[in-house]
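Report on the following structure.
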Amino acid sequence: MTPTTPSRVIRLAEPHEASRLAELQNRSSTHWGYPPDFFDWAPEAYVIPQEYVRDNTVYVLEEDGRVVGFYAYTVEEGELLLDKLFVDIDRIGTGCGRALWLHAVETARKLGHDHFIIGSDPNAASFYEAMGAEWYAEKRTPRPDWTVQMFRYRLPSDQTEAVP
């Protein structure tokens, strides 16, 4: 018997899915081995309110009807920010992140942007580098041993260049 490839669909998230997206985000974050209280300095990082999904551009990736990843854009100081990109822990390394990334690039283009910025967990920085984003800064956080890695991704003028 041959294994089947899951059917993938990327669609807009709905506000009522917010708590499930927060749960997925928190499961995904355990991939890096953070202790349960690691992000206590940023309690808002654990929560995704319905208003966040309603008021921002949020897409989910479904495989055979199961939400296995999502990304979200916000606008901060006039810049488009890829605020979240998470894949469920059992789907990391299966191409889901890349699929979400490519969709996010096209979404940024459709929103009329020529670039976007990313605030990355230090452990995810290599993913964004592999996707072609350029590191430009490190932001300090209240936790002295953890920084946010800042990247910029300039959308290629030719859409075929967006495929790393």
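The values are calculated or read from the model by the stated rules, or taken from the named source; none is laboratory data. Note that this is a predicted model, so its numbers are computed, not measured. Glycine gets a Cβ as well: all are built from the backbone with ideal geometry, and neighbour counts include every protein chain shown.
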TODO: Might you check whether a residue that is surrounded by fewer than 19 Cβ atoms within 10 Å (Cβ to Cβ) and modelled with pLDDT under 95 occurs anywhere in the stretch 50-61?
DONE: no
TODO: Determine whether residue 18 is more than 29 Å from residue 144 (Cα to Cα), under 11 Å from the mean Cα position of the chain (by Cα) and either at pLDDT 95 or above or not in a loop (DSSP other than H, G, I, E, B) (or both).
DONE: no
- [ ] Just need a number here: residues in the stretch 71-95 that are loosely packed, with under 15 Cβ neighbours inside 10 Å and acidic (Asp, Glu).
- [x] 4
TODO: Mind listing just one residue for me: the one in the stretch 101-129 that is among the acidic types (Asp, Glu) and not in a helix (DSSP H, G or I) and, of those, surrounded by the fewest Cβ atoms within 10 Å (Cβ to Cβ)?
DONE: 114
Open item on the list: List the residue pairs whose Cβ atoms are under 7 Å apart, where the first residue sits in the stretch 26-41 and is closer than 16 Å to residue 147 by Cα, the second is part of a helix (DSSP H, G or I) and at pLDDT below 80, and the two are 6 or more positions apart or on different chains.
Closed with: 39/45; 39/46
TODO: Might you let me know whether the stretch 68-90 holds any residue that is in contact with a Lys or Arg (Cβ under 9 Å, 6 or more places away or on another chain), β-branched (Val, Ile, Thr) and at pLDDT below 95?
DONE: yes
Open item on the list: Can you tell me how many residues within the stretch 31-40 are loosely packed, with under 12 Cβ neighbours inside 10 Å and either at pLDDT 70 or above or among the aromatic types (Phe, Trp, Tyr) (or both)?
Closed with: 2
- [ ] Determine the pairs where a residue that is in contact (Cβ under 8 Å) with a residue 60 or more places away in the chain, located within the stretch 115-132, has a partner that is part of a helix (DSSP H, G or I) and not hydroxyl-bearing (Ser, Thr, Tyr) with Cβ atoms under 7 Å apart, the partner being 6 or more residues away or on another chain.
- [x] 121/32; 123/32
